[in-house]
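Engineer: Sharing a structure with you now.
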Amino acid sequence: QRLQGFFDAISKAGIEYEYIELRGEPDVELVNYANHEPFEFVVVGSRGLNTFQEFVLGSVSHKLAKRSLSPVIIVR
């Protein structure tokens, strides 16, 4: 329900999409999914952690970019 406005907007724009919900550790699940599907590229958002937070917590988008077999576009 929270994403319905987003889905409506991209459908109206004629953009094809598929909603997939993964469960588990975000970096592990996203890398596994990205590497087991034939994607031309992967687009992922970044929360914009500061340097210290990223060092301590790690960055899901950074891990995906390093480990994905497809090119990764990180959107901030």
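Engineer: Give me, ordered by chain and number, the residues 5 or more places off Val42 or on other chains with an amide H under 5 Å from its own placed amide H.
Structural biologist: Val72, Ile73
Engineer: Most exposed first by the Cβ proxy, i.e. fewest other Cβ within 10 Å, how do Val75, Val42, Val28 rank?
Structural biologist: On the way: Val75 8, Val42 21, Val28 13.
Exposure proxy ranking, most exposed first: Val75, Val28, Val42.
Engineer: Further, regarding this structure: For volume of the Cα convex hull per residue in Å³, the listed values are [x] 89; [y] 119; [z] 150; which was obtained by calculation from the structure presented?
Structural biologist: Among [x] 89; [y] 119; [z] 150, the one calculated here is [y].
Engineer: Next question. Calculate one ³J(HN,Hα) per residue across segment 10-19 by plugging θ = phi - 60° into the Karplus curve 6.51 cos²θ - 1.76 cosθ + 1.60, and present them in order as whole Hz with x for glycine and proline.
Structural biologist: Going residue by residue, I get 6, 5, 4, 7, x, 8, 7, 8, 9, 8 Hz, with x marking Gly and Pro.
A short reminder: the numbers here are calculations on the coordinates, not readings from a lab. Note that the structure is predicted; figures quoted are calculated from it, not measured. Counting neighbours? That spans all protein chains shown, and the Cβs are built from the backbone with ideal geometry, glycine included.
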